[in-house]
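Below: the structure, in C-alpha cells.
The values are calculated or read from the model by the stated rules, or taken from the named source; none is laboratory data. A quick note: this is a predicted structure, and the numbers were derived from the prediction, not measured. Here Cβ is always computed from backbone atoms with ideal geometry, including for glycine, and neighbour counts include all displayed protein chains. Just the protein is used for accessible areas: all its heavy atoms, side chains included, with ligands, DNA and RNA removed. Shrake-Rupley method; radii C 1.70, N 1.55, O 1.52, S 1.80 Å.
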Amino acid sequence: QVQLVESGGGLVQAGGSLRLSCAASGRTFSSFTMAWFRQAPGKEREFVAAINGSGDNTLYAVSVKGRFTISRDNAKNTVYLQMDSLKPEDTAVYYCAARYGSSWLRISTDAKYDYWGQGTQVTVSS
C-alpha cells in the first residue's frame, strides 16, 4: 500500500555532509511512523533514526546522535536524513522504512516496519 523511494546517496569525504530523501506514496503519510536503517557489508541491518507522524518525536541510534537529523515534510510526503560529520563507519546502504500508527513500542526494531525502500548507497572516504 505504501511505496518508498530513497535518493541522495553518494560518495563523500570524512567530515562532510549528505542529505538523504525518501519519497512516499499515498494520502495518509502523516499517519505513518518513518525510520532509517542501514546495512554495511558483512554486517546486520541496524537502526539509525525514527520520527513520528507529526514530526515532534524522534529517536536516534547512539552511534549517530548529534550528527544525524531526521525530519519530514508531510506536505511533500517525504522524510529526510541530514547526515553531518560523516565517518567512514557510516558507509552502508541506507533504507527508508514505514509503519502505520503512532506507537513508539520497539520503534528501533526493523521487524516492526511493513514497508521498505530499495536503499541508497552512502560511501564515506577517509
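Before moving on, here are some points about what is shown:
- Qualifying lysines (Cα of each under 23 Å from Cα of Lys43; at least 8 residues distant if same chain): Lys65, Lys87, Lys112
- Summing charges over neighbours of Tyr115, with a neighbour being any other residue whose Cβ is under 13 Å away from its Cβ, gives -1 when K and R count +1 and D and E count -1.
- Within the accessible surface of the chain, defined with a 1.4 Å probe on protein heavy atoms only, the carbon and sulfur portion equals 46 percent.
- D (Stokes-Einstein, µm²/s), Kirkwood Cα radius, the chain, 1.002 mPa s at 20 °C: 150
- Accessible surface, the chain, averaged per residue in Å² (probe 1.4 Å): 52
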